[in-house]
Structure formats: structure tokens, C-alpha cells
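Q: Take a look at this one; I'll ask things after.
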Amino acid sequence: MKLENTYREKAEYLKNLKRFVGVQSVGWKSPSNIALVKYWGKREVQLPQNPSMSFALRNSFSETLVNYSFNENLDIKVELLFENKRNEAFENRIKSYFEGIIDFIPFIKNLAFKIESSNSFPHSAGIASSASAMSALALCLVSIEREMFGTLYEEKTFFEKASFLSRLGSGSAARSVYENYSVWGQSAFVSESSDELAIAYNNNIHSEFLGLGDAILITSSKSKKVSSSMGHNLMIDHPYADSRYKQANENLEKLLKAIASNDEQTFVDVIENEALSLHALMMSSSNGYSLLNQNTWEIIQKIKKFRKENNTFAAFTLDAGPNVHLIYKLKDRNKIVEFIELVLTEHCENNKWIDDKMGHGPEKIV
Ligand code: PMV
């Protein structure tokens, strides 16, 4: 049976929330993640067309505090403060998110929510804020379920439902509820993988691939001219769609082997191929567009040159934007930071880069 149906059936039990007085609170800090094999193209309700793999970041996270009280009116009631300011655009997004997940977590209409959220990183910095923000919120909701109904007692079932609900908020958010690596989307190479939620991927990883740095080189902090959801939609009748989904499956298989065997060359080939393929798909869609700029290309060329000349593992990846993620091994950190400061920051907006690395996943803060 589809997981969605299982959650729907189990939710029968979650329909009658007992009245309570006063305001209760729960809070989660949840990381953003950087995809190595990209999710680009979806079907039905936020189901991916191909499996993707990412790792959680450590310093780029959202902190979300949910204050909730009993709501007599049985409607969706949300007030949202983002970075201490009421934000109606985000509030409306959360309201429609809540409408979409009500079948799985029906007691949300018995509650009035006052949500406070903030990010540790600047807006439009090439860091997926929807991944951290939606996963932090979903984690709060499953915590409320656990608190109020005594369900989701086991860690595994708790984080699975959190991932399932995160996915419905933003696809890539499904991968943010775990530490280190996670895989979202059914793959023959990852047991228990699913389109409906992400799973933690923690077997068969060479120790050097557990200590990765991610230097995020900001070439532009302007808002994107084409959103990710528009980009996903353009995959529906994209002429290269089928070959893209095949390529992503093959790349995932290669990447898993590379991570297990410390095969740096294959890792570099796969993640750079994924980054450029993502942007090539944007360029070759109908009404093609590019989110990259001159500095993106300068940085990419310089990373390749540095890798060759220094024989040091340094690879780039890109999210849906012009900022470059330089992935490196933490054992090479001094060399890499020197390279960034001397060679790359001249291509960054206000010489700015964000010093991040693989992280330990979400944390309950309240
Ligand atoms: O989760 P969305 O809908 O914002 O899509 C994210 C897509 C990429 O960030 C480009 C790739 C990925 O897998 O995270």
C-alpha cells in the first residue's frame, strides 16, 4: 500500500484532539542540504521523477518555534513571524501547506498556531531555505502529534513521518531531517528508498567522505528570475526528460560506489555532471533560461584548474542559482581556504562566501 494511504488511515486516530487550556510550544532547528544528485522534475503531489542524494549542512539552518493553543473554530489558523516580522506571503504559503497535509495530521485544525521562524543564513545565498524551513516546521508538527497522542514513539517512524510531511512542503526538504547523507526517491541501489519520503543513508561510506566541507561562493544574492517550482514544471514536456531521469539513476549508482570506496575522481565527475546537467536542462527547456553569471563560470574554471595543478580533491556543485558550492575534504581545509581567499573571492559579491560543512541533522530546541 502507498505510504500516503497508511498515514491517511492512521490519521483517523488523530482526529479528536482533547481540549486543553493555555499555549504550548515546540521548536526545532533543521538544516538546509546540498544535493549531489539533483531532484529536477516531479509528478503528482511532489513525487520526484528520479532519486536524489544530498548531505545536510551544519551552519545553514532554520529555527522554528511553534506556539499552539486550542482552536474552537475548526479552521486553519496561522500567524507567522519571519525574522521577527509578520510575513503574510509566508503565512499564506503555510496555510495552503496545512490544507494539503490535513489528511495526514488532521488535528492541525484543532489548533491556532503562532509560528516564529528565522534562518542562520542570508536570503538568496544559494542555500535552499525552503528545505530547512519546511523541515523544521514538519518536525514541530510531528512533535506535537507525539506529545498530544503518544504516537511516533520510535525515532525511525518519527523521522519518516517528518520527512513525508516535509516533502509535501518542499521536495528537497524531505532530505533535511537526517544527519549527513540522505536519499529521496526510489532507487534499485538503495534498500528501503521511497518516492514518498527520504531515508538516512549511513552505510558504506568511507570515513573521508563523512568529513566534507561546503564553501558557498556567493556570486549574486539577487532573487532568482525563475523559481524552482517553475523549473520543475518545465520538465513535464522537456525533450530530454527521459534521458535525464536515466542519467540521474546512473549517477546515483556511481556516486554511492565512489563514496564507499573513496573514489575521488568518480565523485567529482558525478557531482559536476549533475550540476551542469541541472543548468543545461533549464537552458534547453521551452523558453529556456540560465541562472548562471560570468562569475559562476570563472569560479568553475578556477576550481578545475586548482584541482589539476594541486592534485587536491575540490569539486563544484550548483543549486538552482548562480552561487557555487565548493565541496572539499576537511583534511584539506587550510589549502582550500587559502585558495578561496586568494583566487575565488574576487568573483564573489562583496568578496563573500559562507563557510559550511556536512552536518549532524536537526535538533529539538524547545
Ligand atoms: O525542493 P525544491 O522544489 O525547491 O527543488 C529543489 C531543486 C534543487 O535544489 C535544484 C535540487 C535538489 O535536489 O535539491
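The values are calculated or read from the model by the stated rules, or taken from the named source; none is laboratory data. Worth saying up front: this structure is predicted, and the values here are computed from it rather than measured. Backbone-built Cβ (ideal geometry, glycine too); neighbour counts: all protein chains shown. Heads up: the accessible areas ignore ligands, DNA and RNA and are worked out on the full protein's heavy atoms, side chains in. Shrake-Rupley method; radii C 1.70, N 1.55, O 1.52, S 1.80 Å.
Q: Assuming a ≥ b ≥ c are the square roots of the Cα gyration tensor eigenvalues, decide whether segment 154-262 counts as rounded (a/c under 1.5), prolate (otherwise, with a/b larger than b/c) or oblate.
A: Rounded is the answer for segment 154-262, as its axis ratio a/c remains below 1.5.
Q: Return the whole-Å distance between the Cα centroid of segment 1-20 and the Cα centroid of segment 344-362.
A: 41 Å
Q: What percent does the relative contact order of segment 148-197 come to when contacts are Cα pairs within less than 8 Å and at least six residues apart?
A: On the way: 47 pairs, mean separation 13.9, N = 50.
Relative contact order here is 28 percent.
Q: Here's another thing I want to ask about it. Each label point is 7 Å from the Cα along the Cα-to-Cβ direction; what then is the distance between the points at residue 352 and residue 102, in nm?
A: Here the answer is 4.0 nm between the modelled labels.
Q: Mind giving me the FRET efficiency for residue 44 and residue 298? R0 is 51 Å, r the Cβ-Cβ distance, nearest 0.05 is fine. Mind dumping the intermediate values first?
A: On the way: r = 40 Å, r/R0 = 0.79.
FRET efficiency, residue 44 to residue 298: 0.80.
Q: For a label point 7 angstrom out from the Cα of residue 310 toward its Cβ, which stretches of segment 319-350 have the backbone nitrogen within less than 16 Å?
A: Residues 325-347 fall inside that zone.
Q: Summarise the accessible area of the chain (1.4 Å probe, protein heavy atoms) by the percent that is carbon and sulfur. Could you put the intermediate results ahead of the total?
A: Numbers: 7630 of 16120 Å².
Roughly 47 percent, rounded to a whole number.
Q: Let me ask another. DSSP beta bridges in the chain, what fraction antiparallel, as a percent rounded to 5? Can you show the working numbers first?
A: Numbers: 51 of 57 bridges.
Around 90 percent antiparallel, to the nearest 5.
Q: Rounded to the nearest 0.05, what FRET efficiency is calculated for residue 118 and residue 227 with R0 set to 22 Å and r the Cβ-Cβ distance? Mind showing how you got there, number by number?
A: Working: r = 22 Å, r/R0 = 0.99.
The computed FRET efficiency comes out at 0.50.
Q: With all protein chains present, calculate the accessible area of residue 345 using a 1.4 Å probe and round the result to the nearest 10 Å².
A: Probe radius 1.4 Å; accessible area of residue 345 about 10 Å².
Q: Please report the relative contact order for the chain, taking Cα pairs under 8 Å with a sequence separation of at least 6, and give it as a percent rounded to a whole number.
A: Details: 767 pairs, mean separation 85.1, N = 366.
Relative contact order of the chain: 23 percent.
Q: Taking a ≥ b ≥ c as the square roots of the eigenvalues of the Cα gyration tensor of the chain, is the shape rounded (a/c under 1.5), prolate (a/b larger than b/c) or oblate?
A: Values: a/c = 1.79, a/b = 1.63, b/c = 1.09.
Since a/c reaches 1.5 and a/b is larger than b/c, the shape of the chain is classed as prolate.
Q: Still on this structure, please answer the following. Using the heavy atoms of the protein chains alone and a 1.4 angstrom probe, what is the accessible area of the chain per residue in square angstrom? Display every interim value, and only then the final one.
A: Numbers: 16120 Å² over 366 residues.
With all protein chains present, the chain gives 44 Å² per residue.
Q: Using 7 Å Cα-to-Cβ label points, what is the residue 242/residue 155 separation (nm, one decimal)?
A: Each label point lies 7 Å from its Cα, and together they span 4.4 nm.
Q: First check a/c for segment 208-357, with a ≥ b ≥ c the square roots of the eigenvalues of its C-alpha gyration tensor; if it is under 1.5, answer rounded, and if not, answer prolate when a/b is larger than b/c or oblate otherwise. Display every interim value, and only then the final one.
A: Numbers: a/c = 2.30, a/b = 1.25, b/c = 1.84.
Since a/c reaches 1.5 but b/c is at least a/b, the shape of segment 208-357 is classed as oblate.
Q: So what are the ³J(HN,Hα) numbers for segment 342-348, from phi and the Karplus equation (6.51, -1.76, 1.60; θ = phi - 60°), rounded to whole Hz, Gly and Pro as x?
A: Working through the residues one at a time gives 7, 10, 9, 4, 5, 9, 9 Hz.
Q: Between residue 262 and residue 276, 0.36 nm times their residue separation minus their Cα-Cα distance comes to what?
A: Net length gain for the segment: 2.8 nm.
Q: Can you tell me the relative contact order of segment 141-242? Whole percent, Cα pairs under 8 Å, sequence separation 6 or more.
A: Details: 88 pairs, mean separation 16.1, N = 102.
Relative contact order of segment 141-242: 16 percent.
Q: Also: So what is the calculated 222 nm ellipticity per residue for the chain, using -39500 (n - 2.57) for each DSSP H run with n of 4 or more, over all residues, to the nearest 500 deg cm²/dmol? Don't jump to the answer; show the numbers that get you there.
A: Numbers: 9 runs with 130 residues, N = 366.
The helix contribution divided over the chain gives -11500 deg cm²/dmol.
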